[in-house]
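The values are calculated or read from the model by the stated rules, or taken from the named source; none is laboratory data. Quick caveat: nothing in here was measured; it's all calculated off a predicted structure. When we count neighbours, we look across all protein chains shown, and the Cβ atoms used for this are built from the backbone with ideal geometry, even at glycine. These area figures cover heavy atoms from the full protein model, side chains too; ligands, DNA and RNA do not enter into them. Shrake-Rupley method; radii C 1.70, N 1.55, O 1.52, S 1.80 Å.
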Amino acid sequence: MAPRYNQRRALFAITRASFKSIFKSPSSTFFSLFFPIVLIVIFGSLGRGGGISFDIAINKQSDTTNILYQAITHAPIFDIVKSDEADLEDRLKKGRLTALLDIQKTDSGKYDIHIKSSSASQRELPQLQAVLNGMINELSQQKHPVEKIASISNEQVQGRIYKRIDFYLPSMIGFSLIGSAVFGVAFLFFALRETLVLKRMYASPVSKSNIVIGESIGRVLFQLIIVVVLILFGKYAYNFTLANGFVTFLELLVISALALIVFMGFGFFISSVAKNQNVIPIYANLFMFPQYFLSGTFFPKTVLPQSIHWLIEALPLTALNDALRKIAFEGSHINDCWKQIGILGAWGVVIYALAIWAFRWE
C-alpha cells in the first residue's frame, strides 16, 4: 500500500516557497515597505516643526515698540518679506504675499492690526486672521485679562482671484510629465534592448544619435499634446487662469517641453542600469514618489518643515511646478523664471552625463 501523501507538509512547502518568492521580488518589498514609510515620514512631519506659514510684510510706518509687533516678527509661522512698497504691492496682487500688516496705536490706547490683502490671497486670509486673533487673546490675558489689547481691521485691493484649479492644474501637468517621461522612456528602451531591436538599429546605416533623438521627439510631441488638452480642459471647464492669454499658453508649453526633456534623461539612465524589468518601477519611484509630496503637487510646500525647504527648492519637479504657476497665474514670462530654468538645466546636465555613460545598445 502506497504511503499516504502528507498534505500538511505540502501546504507548508507551498507556503514557504511563496513567502521566499515574495521576498525575492524587489517590487513587492518596495511597494509594501518603502511607500508606507515615505508617507509616514512626510505626513508625520506635517505636524512636527511644519504647519502652515504665511508670507507677510509689515508697513514701514508701523509702531514697532509694542508687544504685538515683537510677537508677530518672532513667530515662526510668519515669513516676513522686506522690500520696497511697489514690489510689495505687486506681490500682494499676484498672491505671493498673504497680507501687508500695519500696526498702529489708536486714540483709545489699544492697537489696531490693519490687514491689507488682495483677492488673490483670500484663501489664506481666514487662517491668518485666526492666528492673529489667537496672538491678541494670548497677549491680552497677560496684560489686560478683562479686555483685548488690540483689534483687527481689513482692507482688500484688487487682484486675480486665486482658484483651486490655479494650484492643481500646474501640479497635474508636472505629475503627468514626470510619470510619462520616466516610466515611458525607461520601459521602452529596456524592451528595445531586451528584444535586440536596439542592437539591430545599431547595425543599421541610420545615425545612432538619430535613433535616440527620433524616439525622444515622438514622445515629446505626444506629451505636449497631453499638456495642451489639460490646459484647454482646465481653461474651459474650470476657468483656469492664463494671465497673458495665448502668450501664457505658449510659454507653458515651452517650460513643459524643457522639463520633459530633463525627465526623459532619468528614463534613459534607469533603462540602462536596470538589470531586469521588475526593478524599473522601483528606480523610477525612488526618483518620482518623494517629489509628488515634497514639490507642491498635492498641497502647498509651506506646510512642510522649514528645515527641508532648501531640499524642496532644489527638486526638478518643484522647479517645474513653480515655473508653471508663476507663468499661468502671476503673468510672469519665461525670462522671469531663470531660477527654475537653472535648476532644471543643472539636473539635465547631470542626468544626461550619467545616461550617456551608462547607455548600452545591447
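General remarks:
- Conditions (1) open to solvent by less than 20 Å² (accessible area, probe 1.4 Å); (2) in contact with a Pro (Cβ under 8 Å, 6 or more places away or on another chain): number failed by Arg325: (1)
- For the stretch 158-168, the count of residues that are modelled with pLDDT of 85 or more and either open to solvent by less than 30 Å² (accessible area, probe 1.4 Å) or among the small types (Gly, Ala, Ser) (or both) is nonzero.
- When Arg48, Arg16 are screened for being exposed (fewer than 15 other Cβ atoms within 10 Å of the Cβ), modelled with pLDDT under 60 and among the charged types (D, E, K, R), only Arg48 passes.
- Residues of the stretch 86-108 that are open to solvent by less than 50 Å² (accessible area, probe 1.4 Å) and touching a Lys or Arg at 6+ places or on another chain (Cβ under 8 Å): Leu92, Lys94, Gly95, Leu97, Ala99, Leu100, Leu101, Asp102.
- Selection of the stretch 93-116 for residues being under 30 Å from Asp166 (Cβ atoms) and of a type in the set (Asp, Glu) yields only Asp102.
- From the options Val279, Val227, residue that is of a type in the set (A, V, I, L, M), assigned to a helix (DSSP H, G or I) and farther than 23 Å from Val350 by Cβ: Val227
- The conditions of being surrounded by 21 or more Cβ atoms within 10 Å (Cβ to Cβ), outside any helix (DSSP H, G or I), of a type outside the set (A, V, I, L, M, F, W, C) and in contact with a helix residue (DSSP H, G or I) (Cβ under 6 Å, 6 or more places away or on another chain) are not met by Gly267.
- No other residue among Lys275, Lys326, Lys339 is basic (Lys, Arg) and touching an Asp or Glu at 6+ places or on another chain (Cβ under 7 Å) apart from Lys326.
- Which listed residue is of a type in the set (A, V, I, L, M, F, W, C) and open to solvent by 30 Å² or more (accessible area, probe 1.4 Å), from Leu315, Leu354: Leu354
- Thr241 meets all of the listed conditions (1) farther than 21 Å from Gly345 by Cα; (2) part of a loop (DSSP other than H, G, I, E, B); (3) out of contact with any Lys or Arg (no Cβ under 7 Å at 6 or more places or on another chain) but one, namely (3).
- Extreme residue, farthest from Ile161 (Cα to Cα), among residues of the stretch 291-311 that are crowded, with 17+ Cβ neighbours inside 10 Å and not aromatic (Phe, Trp, Tyr): Gln291
- Among the residues of the stretch 223-246, those that are open to solvent by 60 Å² or more (accessible area, probe 1.4 Å) and either in contact with a strand residue (DSSP E or B) (Cβ under 9 Å, 6 or more places away or on another chain) or free of Cβ contacts under 8 Å to residues at least 40 places away in the same chain (or both) comprise Ile225, Val229, Leu232, Phe233, Lys235, Tyr236, Phe246.
- Within the stretch 221-238, the set of residues being closer than 16 Å to Arg325 by Cβ and out of contact with any helix residue (DSSP H, G or I) (no Cβ under 7 Å at 6 or more places or on another chain) comprises Lys235 only.
- Subset of the stretch 70-85 that is of a type outside the set (A, V, I, L, M, F, W, C) and either touching a Gly at 6+ places or on another chain (Cβ under 8 Å) or assigned to a loop (DSSP other than H, G, I, E, B) (or both) - its residue that is most open to solvent (accessible area, probe 1.4 Å): Lys82
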